[in-house]
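The values are calculated or read from the model by the stated rules, or taken from the named source; none is laboratory data. Computed from a predicted structure; not experimentally measured. Cβ coordinates were reconstructed from backbone atoms using ideal geometry, including for glycine residues, and neighbour counts include every protein chain displayed. Remember, those area values only see protein heavy atoms, side chains included, never the ligands or the DNA or RNA. Shrake-Rupley method; radii C 1.70, N 1.55, O 1.52, S 1.80 Å.
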Amino acid sequence: MLETLTESMLYVLMALLREERCGTEIADFVSAKTGGRVRLGPGTLYTILAKFQEEALIQETAVEGRRRTYALTQAGRARYWDEVARLRACIADAEEEERLWKPVPCAD
Amino acid sequence: METGAVRRLSFIDPVDLDHFEGYLDHMARKGLFFHRFGPTFTTFRRGTPAPMRYRLEPYGNLWRRESQNYCRELGWTSLGRVGKYFELYCNPDPTAPELHTDPVVRAYSLDATARILKRYCAVLLILTLVFLAVVLLPYLFFHWPVLTLVESPLAGNLLPAIMELISLSLSIRAYAAFFRFCRRLRRGKEPHPEGSWRRSARLYLGILLTSVALTAVCIVQLWAFVALPWEGEIAGQERPFPLLSLAELEQSDTLEVRPSLDFLGDGLDRDNYVRFSWSPLAPEQYETDQHMALPGSDKTVSLSMRWYRLSLPFLASPLLEELVYRYTEYNYFPGEYTVSEAALPGFDRAVLAVDNDFPGQRLFLRRGGTVAYLSYSGEADLLARPELLEHLFDFQD
């Protein structure tokens with residue numbers, strides 16, 4: 001059972017939010033979206049895809065030769081939006097703290 | 001062996017993932033590139049020293065063509081199966097992304113392997129417990145477990161049991177390292193780039209050398225158990241051995257040896273005989289029998305002795321207890337002998353058993369790591385001759 005989603009996992013779900021994609025398309029999407037900050041190694045990518053299939057967050061929709069195409073399931077979509085809501089709440093708390101934060105003068 | 005190939009001892013189990021990877025990375029920087037893995041040796045190919053990353057992935061995780069193509073796109077090449085559970089990948093490009101860029105996800109990829117290893121560890125543990133039970137439990141049912149242990153050629157199979165435990169410790173270390181690695185990955189920690197494999201390798205070599213040494217010790221002990229013992233008549237015996245002279249005990253110059261019937265037809269008097277045995281826990285064991293009589297008399301007097309010098313002195317006390325029980329049958333027939341502690345200066349313990357129905361004495365003595373049992377059928381008092389007993393224990397081969 002997946003407890004928390006790592007950054008890589010979240011971006012894989014994000015890649016499937018609007019359209020079905022195959023593995024390498026997911027990797028290209030994530031790299032482009034993050035400006036190269038998040039790169040999915042082959043072991044990471046295909047482990048995430050296998051794990052998400054096992055958890056029924058995604059499903060295979062087509063197999064064309066070597067390409068397997070994936071799509072989000074309802075559960076996957078719900079899990080994605082739950083994680084985004086959690087992150088938004090976290091960011092909102094951080095921004096509120098930032099507004100309240102006053103720099104403390106240095107001792108020297 | 002192929003030209004340009006170099007073999008090295010396989011001293012890190014692939015199950016010990018990060019140490020194995022770190023070792024291969026290190027060898028590549030020395031110009032030795034992984035070629036083939038074997039249970040005893042790993043083969044490398046010589047080349048120009050260059051950075052190379054090696055990564056283990058559970059076998060079958062990246063078996064699909066799409067995943068294989070993606071690996072190749074990023075510069076990762078499969079080198080085939082390594083051990084039972086893994087496939088090895090390598091990448092010469094230091095800028096290419098890692099095979100796994102997310103440690104938590106890598107932990108998930110190892111889940112199935114972890115389940116298999118847990119089952120294997122459980123089976124290994126059960127088999128080890130069964131083995132230890134087979135070696136140790138009989139001692140609970142032996143009448144004389146300490147005596148059996150002391151006289152056994154391999155210290156009662158304890159040496160093989162120790163070797164088995166040492167061999168097991170190698171496997172346990174590797175599996176413990178695997179599970180520790182998985183826990184670190186789950187916490188989001190990146191694997192150590194070097195993997196501190198040197199410590200693992202040193203420990204393995206230490207354990208291997210200890211196993212080899214113990215094997216050699218076992219072989220030597222088995223040889224000694226067979227080759228060193230000797231026996232012969234007391235009269236004319238050239239080899240030194242501890243002896244409490246029956247003639248001296250009886251204080252008679254006229255006692256003559258009364259030989260036994262020659263059952264074996266070899267002319268040897270086995271009623272006036274000495275036997276020497278060797279075992280790792282009792283490297284000096286002597287057994288002597290003396291039968292004598294006054295000339296012209298049918299009345300014989302006998303003195304038998306069993307004498308042990310132990311390599312582990314702490315076994316002397318339990319051995320003495322067992323000899324007392326064995327030779328007085330105290331546990332079965334407590335009324336047959338009167339058994340009492342005797343005060344004998346110069347000895348750690350002296351136990352005297354007197355047969356309630358027949359003449360004679362049985363004396364059990366302990367001093368340091370030496371234990372002796374004397375069975376005497378005459379009228380004299382063994383305890384009245386402490387100088388003879390001291391002389392017996394002062395024997396040095």
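Take the protein assembly as shown with all the other protein chains still there, run a 1.4 Å probe, and you get 53 Å² of accessible area per residue.
Contact order, relative form, for chain A: 26 percent (alpha carbon pairs under 8 Å, 6 or more residues apart, mean separation divided by residue count).
Taking the charge dipole of segment B:35-90 about its Cα centre, with +1 at Lys and Arg Cβ atoms and -1 at Asp and Glu Cβ atoms, the residue from B:PRO58, B:VAL82, B:GLY38 reaching farthest to the positive side is B:GLY38.
With the simple spin-label model, which puts each label point 7 Å out from Cα in the Cβ direction, the B:LYS30 to B:VAL130 separation comes to 4.1 nm.
Annotation note: chymotrypsin sites (Phe, Trp or Tyr not before Pro) in segment A:47-108 located in DSSP loop regions with a Cβ neighbour count of at most 13 within 10 Å are A:TRP101. FRET efficiency for the pair B:ARG65 and B:ASP93, taken as 1/(1 + (r/R0)^6) with r the Cβ-Cβ distance and R0 = 30 Å, rounds to 0.85. If you plug the beta carbon distance of B:TYR139 and B:ALA224 into 1/(1 + (r/R0)^6) with R0 = 25 Å, you get a FRET efficiency near 0.65.
Normalised by the number of residues in chain B, the mean separation of alpha-carbon contacts (under 8 Å, six or more apart) gives a relative contact order of 12 percent.
With a point put 7 Å past each Cα toward its Cβ, work out how far A:ALA56 is from B:SER252 in nm, to one decimal. So the label points at A:ALA56 and B:SER252 sit 10.1 nm apart. Placing R0 at 41 angstrom, the Cβ-Cβ distance between B:SER169 and B:ARG326 gives a FRET efficiency of 0.65 after rounding to 0.05.
Stretching the chain fully between B:VAL212 and B:SER245 yields a gain of 7.3 nm (0.36 nm per residue, less the alpha carbon separation).
Applying the criteria of a DSSP loop state and at most 16 other Cβ atoms within 10 Å to the trypsin sites (Lys or Arg not before Pro) of segment B:105-200 yields B:ARG187, B:LYS189.
Which residues, if any, in segment B:58-105 lose at least 50 square angstrom of accessible heavy-atom surface (probe 1.4 Å) when the other protein chains sit next to their chain rather than the chain being alone? Flagged in segment B:58-105: B:ARG64, B:GLU66, B:TYR70, B:THR101, B:ASP102, B:VAL105. Entry note, chain A: the mean residue ellipticity at 222 nm calculated from DSSP H runs of n ≥ 4, each adding -39500 (n - 2.57), is -18000 deg cm²/dmol after division by the residues and rounding to the nearest 500. Sort out for me the Cα centre separation of segment A:32-108 from segment B:340-390, rounded to whole Å. Each part reduced to its Cα centre gives a spacing of 86 Å.
Taking only protein heavy atoms and a 1.4 Å probe, the accessible area of the protein assembly as shown is 57% carbon and sulfur. Where only DSSP H runs of four or more residues are counted, chain B gives -12500 deg cm²/dmol as its mean residue ellipticity at 222 nm, each run worth -39500 (n - 2.57). Compared with the alpha-carbon gap, the fully stretched path from B:THR77 to B:ALA293 is longer by 68.6 nm at 0.36 nm per residue. Both chains summed, the buried accessible area for B and A stands near 2000 Å², from protein heavy atoms and a 1.4 Å probe. Full extension of the chain segment joining B:LYS189 with B:ALA50 gains 47.4 nm, where the gain is 0.36 nm per residue of separation less the Cα-Cα distance.
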